[in-house]
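Asker: I'd like to ask some things about the structure below.
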Amino acid sequence: MNKMRSQKTGKAKQRRKGLRLRHYKRSIFLICAVLVCLSGSLAVSSVRLQEKNAQYKAQEEELEAQIKEEKKRTEEVKQYAEYVKTDDYIKDTAEDKLGLVDPNEIIFKPSE
């Protein structure tokens, strides 16, 4: 009788051990599946971030070029503002818009 009980308990122990092993394997499989999914989403996110970074770098270069152009334009405006304050500007404007001439100048007009 003891032998039968020990055999029954031995089989029950083996069943429980088998259930635990299956449960353990299933848990390991689920953990691996989750890790694979996370790795995949991380890879996709990484690619997207690299694309965005490339776009931002191109935009940064474009903005740097615009800044250079605006600095150059600012310098030209400053120079023009200084030129406007000079007598040469007043003289050129009077000649162009009013047709004034210096007393020493001789004007040649084409014959019609």
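The values are calculated or read from the model by the stated rules, or taken from the named source; none is laboratory data. Nothing here was measured: the structure is a model prediction, and the numbers come from that model. Here the Cβ is made from the backbone with ideal geometry for all residues, glycine too, and neighbour counts use every protein chain on show. These area figures cover heavy atoms from the full protein model, side chains too; ligands, DNA and RNA do not enter into them. Shrake-Rupley method; radii C 1.70, N 1.55, O 1.52, S 1.80 Å.
Asker: For L100, state whether it is assigned to a helix (DSSP H, G or I) and either open to solvent by 100 Å² or more (accessible area, probe 1.4 Å) or in contact with a helix residue (DSSP H, G or I) (Cβ under 7 Å, 6 or more places away or on another chain) (or both).
Answerer: no
Asker: Now for a different question. Among the listed residues K72, K52, K91, K68, identify the single one that is modelled with pLDDT under 95 and either of a type in the set (D, E, K, R) or open to solvent by 80 Å² or more (accessible area, probe 1.4 Å) (or both).
Answerer: K91
Asker: Separate question: Give the residue that is most open to solvent (accessible area, probe 1.4 Å), with candidates limited to residues of segment 75-88 that are part of a helix (DSSP H, G or I) and of a type in the set (S, T, Y).
Answerer: It comes out as Y80.
Asker: Does K109 count as part of a helix (DSSP H, G or I) and of a type in the set (K, R)?
Answerer: No: the conditions fail for K109.
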